[in-house]
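S.K.: Quick one: structure below, then a few questions.
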Amino acid sequence: MKKLFLLSVIALFATVTFAQKEKTVQVGGAAMYPSKNIVENAVNSKEHTTLVAAVQAAGLVETLQGAGPFTVFAPVNKAFDMLPAGTVDELLKPESKDALTGVLTYHVVAGKYNASDLKKLIKDGKGMAELSTVAGGKLKM
């Protein structure tokens, strides 16, 4: 029993130490860990609670936890608050799942892009860049 306890403490310490050594970025006031997927990181952000609820309602959790890589241009709660009254409530209804999926997947592109990558794309495009979304649309920057 003592060995099991000691191994548990060592495993916990190793996990905490690993997490502390990871290079994180702050998004929505929460640390985003490279070892976690998009959904695992988003649930820790107080600024993305509406997005997390929407991803769950659309049934996209499994997709975003998949192999990817994906880049999500993740709207914060304030962005959802700017929509006309009742829009979010309507989109979260089961009968609006297709529309919600379309809205959310418009914010997702295949590939891994960070701020430097996006700046380079915009610079190379002489002030404009365009990425294809997984919904089949074009995201212009």
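S.K.: Report the extension gain between Leu139 and Val43 in nm, rounded to one decimal, defined as 0.36 nm multiplied by the number of residues separating them, less their alpha carbon distance. Walk me through the numbers before you get to the answer.
M.R.: On the way: separation 96, 0.36 × 96 = 34.56 nm, distance 2.46 nm.
Going from the current span to full extension adds 32.1 nm.
S.K.: Can you compute the FRET efficiency between Lys120 and Glu90 using 1/(1 + (r/R0)^6), with r the Cβ-Cβ distance and R0 = 25 Å? Round to the nearest 0.05. Please list the in-between numbers first.
M.R.: Working: r = 38 Å, r/R0 = 1.53.
My answer for the efficiency is 0.05.
S.K.: If we count every other residue with Cβ under 13 angstrom of Asp124's Cβ, Lys/Arg +1 and Asp/Glu -1, where does the sum land?
M.R.: Numbers: positive: Lys119, Lys120, Lys123, Lys126; negative: Asp117, Glu130.
Result for the local shell: +2.
S.K.: Something else: Using the charge dipole of segment 55-109 (Lys, Arg: +1 at Cβ; Asp, Glu: -1 at Cβ; taken about the Cα centre), state which of Val72, Leu91, Gly102 has its Cα farthest towards the positive end.
M.R.: My answer, from the dipole projection, is Val72.
S.K.: Taking 0.36 nm per intervening residue step and subtracting the Cα-Cα distance, what contour gain separates Ser132 from Asp81 on full extension? The partial results should precede the final answer.
M.R.: Working: separation 51, 0.36 × 51 = 18.36 nm, distance 2.59 nm.
Contour length minus the Cα-Cα distance gives 15.8 nm.
S.K.: Using only Cα positions of segment 23-113, each an equal point scatterer, no hydration layer, compute I(q)/I(0) via Debye at q = 0.11, 0.19, 0.22 Å⁻¹ and quote the log10 values to two decimals.
M.R.: Debye output, listed in q order: -0.30, -0.89, -1.17.
Each reported figure results from applying straightforward, stated rules to the coordinates on display, with no laboratory input. None of the values given here were measured: they were computed from a predicted structure. No Cβ is skipped: glycine too gets one built from the backbone with ideal geometry, and neighbour counts run over all protein chains shown.
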